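To start, the structure under review is shown below, and the notes come after it.
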Amino acid sequence: MKKIEDNPNFFLNKFNKYNFDDSVELILGTTKTEVEIALHNAFLKKTEFSNYLAFLSPNADFYLEEMAKLSKEITLERFGKTIQLYAPIYLSNECRSSCLYCGFSYENKINRITLNEKQLKKESEILAGKGFRHILILTGEDYSKTPLDYICNSITILREYFSSVSIEIYPMESIDYQKIIESGSDGLALYQETYNKDIYKKYHIRGVKKNMEYRLNAPDRGGIAGFRKIGIGALLGLANPLGEMFFLGLHAEHLIKNYWRSLIQFSLPRMRPAEGDFTEIIKVRDREFFRYITALRLHFRDSGIVLSTRESPNLRDHLIGLGITQMSAGSKTEPGGYQGVKALEQFQTEDKRSLEEIINIIKLKGYDPVLKDYDRAILK
Ligand code: SF4
């Protein structure tokens with residue numbers, strides 16, 4: 001496959017036509033009447049991007065109950081009474097990039113580990129033994145310590161234990177994503193962190209991650225490669241969340257329009273404490289966070305919404321049935337964490353309950369916990 005990074009049809013082109021601060025102003029200017037119109041349209045199943053922006057606005061808080069009710073109905077209609085469960089496996093915490101908010105950042109003096117085959121098999125046995133069938137693998141951004149061959153080999157090993165293996169690793173070329181898919185992975189998660197150019201530049205100071213444009217176009221490259229699922233998101237807490245949600249929606253519309261083979265899904269990680277001394281976190285309150293999840297659900301009806309263990313048990317329990325479709329459970333955010341290897345976690349998890357406990361909560365809410373909803377057919 002030819003390298004096509006400069007394709008003018010990629011998201012970067014659209015991204016450059018908008019201004020972050022203007023997008024915030026646009027959302028803040030939404031009136032209550034506009035929120036009512038947006039709700040009316042959502043009932044009629046015909047929301048437009050302007051309606052999505054109305055749902056994001058502070059004035060939507062006055063209609064949060066109606067939005068939640070409709071969000072619940074849409075989720076039921078599209079996904080049934082199910083919550084799909086997965087676990088992350090950190091393959092490595094080695095990283096050549098410096099992101100000021102991350103524990104794995106290059107200059108942090110931490111124990112650096114990349115799992116070998118034996119360790120990876122051990123992690124897999126433990127998680128498969130608990131019942132997990134969907135796995136998300138993560139690395140830092142060290143292209144030499146965790147090269148493409150290492151990732152592909154890891155996926156091949158993981159596929160002996162799991163039916164679905166997604167990746168959340170450094171951005172790649174389409175041709176490399178194709179190799180990842182051929183190894184057995186079906187999902188790509190690549191979060192932009194922030195869509196604010198100035199903030200991106202301020203917090204990403206070293207390594208490949210500094211290149212915002214390369215990251216912005218990575219989901220397009222994944223779409224061309226043919227991933228079944230592509231997850232996008234913003235790390236809420238770095239820049240004004242209204243601007244992040246504006247661009248996240250724009251990004252999703254672009255991907256949905258261009259890559260019909262891929263299911264586009266969302267994650268809205270909120271900043272959590274990590275190693276280092278990053279303190280400039282913009283607080284995103286629970287009510288506001290819920291408004292964003294609901295806005296996504298009302299506008300992007302077919303898209304999955306993922307909720308990680310960054311969130312508190314209380315909030316996670318409340319969100320079951322209200323828009324989200326997937327949850328991680330019993331997560332460890334350090335390489336080898338499930339087998340007791342001592343290494344630094346990327347961030348502190350808030351919900352430390354086991355898979356069993358999460359399954360019980362989901363059932364208590366009247367929903368079905370789903371550990372496996374996909375397997376790739378083997379054609380001979
Ligand atoms: S966010 Fe990713 S690229 Fe940045 S320091 Fe952490 S692991 Fe490395």
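Each value in this text was obtained by applying a stated rule to the coordinates, not by laboratory testing. Computed from a prediction, not measured in an experiment: that's the story for all the values here. Positions of Cβ are generated from backbone atoms using ideal geometry, with glycine treated the same way; all protein chains shown enter the neighbour counts.
Determine the percent antiparallel among the DSSP beta bridges restricted to the range 11-370, to the nearest 5. Antiparallel bridges: around 10 percent, rounded to the nearest 5. Peptides 41-48, 114-121, 169-176, 326-333 ordered by packing proxy, namely the average of other Cβ atoms within 10 Å per residue, highest first: 326-333, 169-176, 114-121, 41-48.
Enumerate the aspartates and glutamates that residue 372 could reach by cross-link, defined here as Cα to Cα under 17 Å, with residues fewer than 8 away along the same chain left out. Once the sequence-local aspartates and glutamates are set aside, what remains near residue 372 is 125, 160, 186, 356.
A Förster radius of 45 Å, combined with the Cβ-Cβ distance separating residue 19 from residue 357, puts the computed FRET efficiency at roughly 0.50. Short-range pairs are left out: with C-alpha atoms under 8 Å and at least six residues apart, the relative contact order of the chain is 24 percent. Please go through the residue pairs 122/145; 69/130; 45/210 and name each one whose alpha carbons sit more than 30 Å apart in this structure. Check vs 30 Å cut-off fails for 69/130; 45/210.
Across the range 38-183, the relative contact order, built from alpha-carbon pairs under 8 Å that are at least six residues apart, equals 21 percent. Relative to one another, the C-alpha centroids of the range 6-27 and the range 306-380 are positioned 33 Å apart. Near the amide H of residue 89, within less than 5 Å, lie the amide hydrogens of 136, 137, 138, all on another chain or at least 5 residues away, with H placed in the peptide plane.
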